[in-house]
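Peer 1: Structure in structure tokens, see below.
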Amino acid sequence: MMNYQGILTQIHQELSESRPSGTVAAYIPELAGVSPQKLGVHLTTTSGENFAAGDSEEPFSIQSITKVLMLARALISTGRALWERVRVEPSGDPFNSLVQLEYEGGIPRNPFINAGALVVSDVLLDQLANPKEDYLEFVRRISGHHGIGYQESVAASEWAHAHRNRAMVNLMKAFGNIRHDVEAVLDFYVHACAINMSCRELARAFAVLANGGRALGSSDQVLSLRRTKRVNALMQTCGLYDEAGEFAFRVGLPGKSGVGGGVAAVHPGLYGVAVWSPPLNEKGNSAAGIAALERLTDLTGASIF
């Protein structure tokens, strides 16, 4: 059996002694005050075993990692009709590009750039009777932790600085690809990004995607096998924006990053894993988070490739 605990302990020690350089996100003021010294990693196997090192139990703002969970929830009710409103190709442009939307008729390239996640937010407003409460309950269900909640101060901070996202929603509404009120879409989106989770909670949630869409320790089929495959494929090609190719090359796992410093990844059939280290590289992804996952697949000798 793989010695995951020994491997995570080694990775944490290595990165504690020598971390890649990076800068904590400052454009969302509530995130700027997070200590750059935080470093946690947690791995949950598909059989329900847990291994951890560092600050793995401390909640943090998951930010864009939420886009994976939003997509999974939307696919449960919408299925393939979703792909009429958002595509499945890497963007090749910044995650908050307006130019691409203009050129492509208001249809985002994929659900993990901001425009795509805003369309998914619009879809969830149709699907969920009480959108913020129901989405949060879904996240709690797949993570197995019922204390997860929104960090209202982060949501308020994002709302106050949502000018570009508001422009995206308005532009897509002009093209007929947003059906709800612009402010309602934004309110749901900033709250979804402001969910607080620990590495432990994220690793368990992502282990569902490693487990063929089944909740751990039960027969609950959260997401069909086919749709789970689609979500994992999109993480592989689009999960780290314009660093997705580098991440595939170095790490070799489907993954998703967030500007709160988290990176969550999946080894189908084996585990879900989450790393938290707030300093971001020039691409906006956790520098130590990527390094940790690269070491994980190096030391285990296994990736999806």
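The values are calculated or read from the model by the stated rules, or taken from the named source; none is laboratory data. Just so you know, these numbers come straight off a predicted model, no measurement behind them. Neighbour counts are summed over all protein chains in view; Cβ atoms, including those assigned to glycine, are modelled from backbone coordinates with ideal geometry. Accessible surface is based on the protein model in full, side chains and every heavy atom, while ligands, DNA and RNA are left aside. Shrake-Rupley method; radii C 1.70, N 1.55, O 1.52, S 1.80 Å.
Peer 1: Working carefully through the options Gly258, Gly284, find the one that is small (Gly, Ala, Ser) and either over 30 Å from Ser153 (Cα atoms) or crowded, with 24+ Cβ neighbours inside 10 Å (or both).
Peer 2: From the options Gly258, Gly284, the qualifying one is Gly258.
Peer 1: Same structure again: Taking only the stretch 237-262 into account, find how many residues are within 17 Å of Ala72 (Cα to Cα) and assigned to a strand (DSSP E or B).
Peer 2: Total meeting the criteria: 3.
Peer 1: I'm trying to understand the selection: among the residues of the stretch 178-193, which are more than 12 Å from the chain's Cα centre (by Cα) and in contact (Cβ under 8 Å) with a residue 24 or more places away in the chain?
Peer 2: Step one: filter the stretch 178-193 for residues more than 12 Å from the chain's Cα centre (by Cα), giving 178-191.
Matches in the stretch 178-193: Ile178, Arg179, His180, Ala184, Val185, Leu186, Asp187, Phe188, Tyr189, Val190, His191.
Peer 1: Quick one: Gly269 ticks every box in (1) open to solvent by 10 Å² or more (accessible area, probe 1.4 Å); (2) assigned to a helix (DSSP H, G or I) bar one, so which box is it?
Peer 2: Evaluating Gly269 over (1) open to solvent by 10 Å² or more (accessible area, probe 1.4 Å); (2) assigned to a helix (DSSP H, G or I) leaves (2) as the failure.
Peer 1: Restricting to the stretch 108-164, name every residue that is basic (Lys, Arg) and either closer than 26 Å to Ala203 by Cα or in a helix (DSSP H, G or I) (or both). Step through it out loud before you land on a result.
Peer 2: Restricting attention to the stretch 108-164, the residues satisfying the condition of being basic (Lys, Arg) are 109, 132, 140-141, 164.
Within the stretch 108-164, Lys132, Arg140, Arg141, Arg164 qualify.
Peer 1: Here's a follow-up. Kindly indicate whether Val154 is open to solvent by less than 20 Å² (accessible area, probe 1.4 Å) and in contact with a strand residue (DSSP E or B) (Cβ under 6 Å, 6 or more places away or on another chain).
Peer 2: Details: open to solvent by less than 20 Å² (accessible area, probe 1.4 Å): yes; in contact with a strand residue (DSSP E or B) (Cβ under 6 Å, 6 or more places away or on another chain): yes.
When the stated conditions are applied, Val154 passes them.
Peer 1: Which one is farthest from the chain's Cα centre (by Cα) among residues in the stretch 56-92 that are over 11 Å from Ala117 (Cα atoms) and small (Gly, Ala, Ser)?
Peer 2: Ala81
Peer 1: Now for a separate question. Among the residues of the stretch 270-303, what is the count of those that are at positive phi and more than 19 Å from the chain's Cα centre (by Cα)? Steps first, please.
Peer 2: If we filter the stretch 270-303 for residues that are at positive phi, which is where we start, we get 284, 301.
Restricting the remaining residues to those that are more than 19 Å from the chain's Cα centre (by Cα) gives 301.
So the answer is 1.
Peer 1: Output the number of residues of the stretch 194-236 satisfying the condition of being under 16 Å from the mean Cα position of the chain (by Cα) and part of a strand (DSSP E or B).
Peer 2: The total comes to 3.
The rows are residues; the columns are (1) touching a helix residue (DSSP H, G or I) at 6+ places or on another chain (Cβ under 8 Å); (2) modelled with pLDDT of 95 or more; (3) surrounded by 18 or more Cβ atoms within 10 Å (Cβ to Cβ).
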{"residue": "Asn3", "(1), (2), (3)": "no, yes, no"}
{"residue": "Thr9", "(1), (2), (3)": "no, yes, no"}
{"residue": "Gln13", "(1), (2), (3)": "no, yes, no"}
{"residue": "Ser16", "(1), (2), (3)": "no, yes, no"}
{"residue": "Ala26", "(1), (2), (3)": "yes, no, no"}
{"residue": "Leu31", "(1), (2), (3)": "yes, no, yes"}
{"residue": "Lys38", "(1), (2), (3)": "no, yes, no"}
{"residue": "Thr45", "(1), (2), (3)": "yes, yes, yes"}
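Listed here are the residues, each with its yes/no results for (1) crowded, with 20+ Cβ neighbours inside 10 Å; (2) under 13 Å from Glu183 (Cα atoms); (3) polar (S, T, N, Q).
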position	(1), (2), (3)
Val120	yes, no, no
Gln127	no, no, yes
Asp134	no, no, no
His146	no, no, no
His163	no, yes, no
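Peer 1: I would also like to ask the following. Give Asn50, Asn110 a once-over and let me know the one that is open to solvent by less than 30 Å² (accessible area, probe 1.4 Å) and under 27 Å from Pro268 (Cβ atoms). Before the answer, list the steps.
Peer 2: On the way: Asn50 fails: open to solvent by less than 30 Å² (accessible area, probe 1.4 Å).
Exactly one of Asn50, Asn110 is open to solvent by less than 30 Å² (accessible area, probe 1.4 Å) and under 27 Å from Pro268 (Cβ atoms), namely Asn110.
Peer 1: Name the helices (runs of 4 or more DSSP H) wholly inside the stretch 1-98 in which the number of residues that are without any contact (Cβ under 8 Å) to a residue 24 or more places away in the chain and among the small types (Gly, Ala, Ser) is 1 or more. Break it down into steps so the answer makes sense when it comes.
Peer 2: Numbers: elements: 4-17, 29-32, 66-78.
Those helices (runs of 4 or more DSSP H) span 4-17, 29-32.
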